[in-house]
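Single-structure report; data block below.
The values are calculated or read from the model by the stated rules, or taken from the named source; none is laboratory data. All values derive from a computational prediction rather than experimental measurement. Reconstructed Cβ throughout: ideal geometry from the backbone, glycine too, with neighbour counts over all protein chains shown.
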Amino acid sequence: MTNSSIRFTYLLLLLLLPVQTILQAQVNSTILYEDADGCLRYVSDDNSNHIANFSYAGYRNGGVAIPEIAAALTIDPVAGDNTAHIQAAINQVEALTPSADGIRGAVVLGAGTYPVSGVLRIEASGVVLRGVGNGEDPATNTIIRGTGNTPEQRDLIRVGKSSSPDWNGEVPGTREQVTSEFLPAGSRSLEVAAAELYNVGDNVIVYHPSTNDWLRTVEFGSTGGDSRWAPGEIDIYYNRYITDVNIPEQKITLDAPIYDHFRRSLAQAEIYVLNEPNTLREVGVESLRIVIETSGVEDENHAWTGILLAGVEDAWVRGVTALHFGYALVDMTAASRVTVTGCNALEPHSMVTGSRRYNFNVSRFTSNILFTGCTASNGRHSFVSNGTSSAAGIVFHNSITTGDLNSSEGHRRWSQGLLFDQLTFQDPQTSRLMGLYNRGDFGTGHGWSLTNSVAWNVRMPNDRTLSVQRPPGRQNFAIGCFGNVTGTGPFPKPAGYIELTGQDLAIPSLYDAQLAERLTKGIGPDAPVLTAASRRAGGVDLAWTDIASRETGYAVAAYQEGENEFTIVANLPANTSEYYHENVEAIGNTLRYRVFALGASCPSPFSNQLTVDFVDNVREARQEDLIVLPNPVGDLLTIQSEQRISRVQVYNVEGRLVTDTINSLRINSADWSPGLYLLRIETNNGEILSSRVIKQ
């Protein structure tokens, strides 16, 4: 080899070394990774919690480009107040006949400064308010200057027709019960009482009431010293479209998942076709700069919010910069499928206290909202859900925030399914920068502020904190984040799922990966719930809940103690819900099982896992061994036996440990949910007995 070729090879190795180092440093989460077929695989925990699919957030459920709306009218600024001038132009375009796709046209504001002392209102579908740029120079950009304080602390631009929109309107005769006994968060297919009432394309609301039984399972919010949550205060709403009606199975499929568990024994969920004729569609605000006049950084006598979206669907805010707002650049209520992109929410002016400086915010009745490519500064809660339990499927993606005064978070009262993805925190002014946690008696009984939510590749200085805690029966996740990632929060609660802190992920953006998979491979079926795994005659009986609709089959996987991975032991037809695994007595001491559904594209998430022990010689208790009474049981379970009982473990039908007692034959069952329970009873002579009991 010549000297020149040696030098070339050496230089090539030097060039390749950083790439190899990067590739070696990239790691996969053990609970969400890409398989050899390019499918994302999701691993569930014992409570059937897995990371949900967030790719449905944004305009038209994501993956659809925001349209470029042709100009219908162009105006330039006039001397003095421009409120009436701009509003007249909006009204003129609103009076136009919409096209077949619902578009009327854009009101284009030419370069210059537009003082606005009132509220600019868009109240018809298919109308866009557009400037020519969001920079500082009025010669080449559009600057709306919010002047005065009338109405007091007003929204400067309001997009929406209703004064207080919600999702309570329904088409008569369309409300039916959701009859699925249990649906894990992330499911899209629901059993309903009368599937024939619904059609593909129906806009429906899935409603879950906050009953006393359900609230008990979430600790009534765990609100510290404040009043606990009351029935009717934490009702859940999902705004969805039906994509499939399966009459034989009495199932409908939604265009996006639910983001919390539904358990029918605790609360009867319902579905109805939404009747909200005032919802605006194909509306947006683009390419302009909002500067709100104030007397100083703590002044509060000025316009409060740059843009409010109220009663909208398939809407957007694009390329807008706002300064000196007191509340937010963008706030929204009764909003679904909205994208906020390339926006800058900077330098808020207000006191630093509650209900202020939520730079990018969602309020009540919000669903499938995407914030992407945005910048915030000096926020109290820069990226935040204030929507309580009617806010779900909110994605904050690929954005930067500086000078934070408090944490980005789900702020209060059971928001669900928030994703904080590729967020970067710079030059913070507080120690805790993100919270997926319990807020106890902060605010007005904020309690469990969010659930089933994810921080993915969030980056902050190493001495700043990202708190992740686990709500009852659910989970919050922090994967591949940088900083002090901890399960410790302001109120002591169990730590959430934390993995790969300070490591570069092979999937840098969860939202991007989920969207790419959905657009290229389609949508996989829903995950089953494994409900039973018990030994019988040299084999194992398995049973699961068939949640998916139109799956192509099911696969059963087993993991033997000492092995490195699960092995497929059966491929079964669609609509199967049980399997007998034969001749497994001699395989080993312990087997773990999980099940997943197969589809035309990628498989479903894995089910929860159940374990079968082949060591302890568990046998079904006979009457001469012991008596369990009463059965069905109410508030107290008693075991009578001539043998000495050393330990009693109680499992629910999902295989989750409910009670574990030592040397006691009286068990408090008052807090158990109604249903079937399995008792594992250890005697002093080393024998292990099993029995079953029903909770009324």
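Residue-wise test of (1) exposed (fewer than 14 other Cβ atoms within 10 Å of the Cβ); (2) under 26 Å from R264 (Cα atoms); (3) in contact (Cβ under 8 Å) with a residue 24 or more places away in the chain.
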| residue | (1), (2), (3) |
| --- | --- |
| A621 | no, no, yes |
| V628 | no, no, yes |
| R647 | no, no, yes |
| T661 | no, no, no |
| K695 | no, yes, yes |
Checklist entry - Taking strands (runs of 3 or more DSSP E) that fall entirely within the range 518-574, which contain at least 1 residues that are crowded, with 17+ Cβ neighbours inside 10 Å and of a type outside the set (A, V, I, L, M, F, W, C)? => result 529-536, 539-545, 553-560
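Kindly establish whether N149 is touching a residue at least 60 places away in the same chain (Cβ under 8 Å) and not in a strand (DSSP E or B).
Yes.
Out of the residues in the range 73-99 meeting the condition of being part of a helix (DSSP H, G or I), of a type in the set (S, T, N, Q) and within 39 Å of the chain's Cα centre (by Cα), tell me which one is surrounded by the most Cβ atoms within 10 Å (Cβ to Cβ).
In this case the residue turns out to be T83.
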Checklist entry - Does the range 100-110 hold any residues that are closer than 19 Å to V317 by Cα and either of a type in the set (D, E, K, R) or surrounded by fewer than 21 Cβ atoms within 10 Å (Cβ to Cβ) (or both), and which are they? => result G102, I103, R104, G105, G110
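If the requirement is being of a type in the set (K, R) and more than 27 Å from the chain's Cα centre (by Cα), which of these qualifies: R158, R175, R130?
R130
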Item to check | Every residue from the range 147-186 that is among the charged types (D, E, K, R) and closer than 16 Å to N203 by Cβ | outcome: D166, E170, R175, E176
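Would you pick out the residues in the range 190-211 that are farther than 20 Å from A334 by Cα and of a type outside the set (S, T, Y)? First the steps, then the outcome.
Quick first cut of the range 190-211, residues farther than 20 Å from A334 by Cα only: 190-200, 211.
Once the filter is applied, which keeps residues that are farther than 20 Å from A334 by Cα and of a type outside the set (S, T, Y), the range 190-211 yields L190, E191, V192, A193, A194, A195, E196, L197, N199, V200.
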Next on the checklist: Please verify whether G655 is in contact with a strand residue (DSSP E or B) (Cβ under 6 Å, 6 or more places away or on another chain), at positive phi and modelled with pLDDT under 80, treating the condition exactly as stated.
Outcome noted: yes
Next on the checklist: Against the condition under 16 Å from Y237 (Cβ atoms) and in contact (Cβ under 8 Å) with a residue 60 or more places away in the chain, how does D166 come out, does it pass?
Outcome noted: yes
Checklist entry - So, in the range 475-497, of the ones that are in contact (Cβ under 8 Å) with a residue 60 or more places away in the chain and surrounded by 24 or more Cβ atoms within 10 Å (Cβ to Cβ), which residue ends up farthest from W672 (Cα to Cα)? => result G480
Item to check | Residues of the range 396-411 classified as surrounded by fewer than 24 Cβ atoms within 10 Å (Cβ to Cβ) and either within 16 Å of G480 (Cα to Cα) or in contact with a helix residue (DSSP H, G or I) (Cβ under 9 Å, 6 or more places away or on another chain) (or both), total | outcome: 1
Item to check | Verdict on L500 being under 24 Å from A57 (Cβ atoms) and more than 20 Å from the chain's Cα centre (by Cα) | outcome: yes
Checklist outcome for this item: Checked the range 416-458 for anything assigned to a loop (DSSP other than H, G, I, E, B), in contact with a helix residue (DSSP H, G or I) (Cβ under 7 Å, 6 or more places away or on another chain) and crowded, with 24+ Cβ neighbours inside 10 Å; matches are G447
Next on the checklist: Kindly evaluate T150 against the criterion of being touching a strand residue (DSSP E or B) at 6+ places or on another chain (Cβ under 6 Å) and of a type in the set (S, T, Y).
Outcome noted: no
Checklist entry - With respect to N203, is the statement that it is touching a strand residue (DSSP E or B) at 6+ places or on another chain (Cβ under 9 Å), surrounded by fewer than 23 Cβ atoms within 10 Å (Cβ to Cβ), touching a residue at least 24 places away in the same chain (Cβ under 8 Å) and more than 24 Å from N53 (Cβ to Cβ) true? => result no
Checklist entry - If we scan the range 465-477, do we find a residue that is modelled with pLDDT of 95 or more, in contact with a strand residue (DSSP E or B) (Cβ under 6 Å, 6 or more places away or on another chain) and within 24 Å of P348 (Cα to Cα)? => result yes
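Each row is one residue, and each column tells you yes or no for (1) farther than 20 Å from A537 by Cβ; (2) in contact with a helix residue (DSSP H, G or I) (Cβ under 9 Å, 6 or more places away or on another chain); (3) loosely packed, with under 12 Cβ neighbours inside 10 Å; (4) assigned by TED's automatic domain parsing to the domain that holds V540.
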position: F596; (1), (2), (3), (4): yes, no, no, yes
position: S601; (1), (2), (3), (4): yes, yes, no, yes
position: S607; (1), (2), (3), (4): yes, no, no, yes
position: N631; (1), (2), (3), (4): yes, no, no, no
position: L637; (1), (2), (3), (4): yes, no, no, no
position: Q643; (1), (2), (3), (4): yes, no, no, no
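Go over the candidates R240, R318, R289, R281 one by one and state the one that is outside the structural domain of S99 (by TED's automatic domain parsing) and farther than 22 Å from V362 by Cβ.
Exactly one residue qualifies, and that residue is R289.
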Checklist outcome for this item: For the range 1-60, the count of residues that are farther than 24 Å from T372 by Cβ, among the aromatic types (F, W, Y) and at pLDDT 50 or above equals 0
Item to check | Top-ranked residue of the range 577-615 - restricted to ones that are farther than 23 Å from N49 by Cα and among the small types (G, A, S), ranked as modelled with the lowest pLDDT | outcome: A586
Checklist entry - Can you tell me how many residues in the range 519-572 are farther than 24 Å from G63 by Cβ and among the basic types (K, R)? => result 2
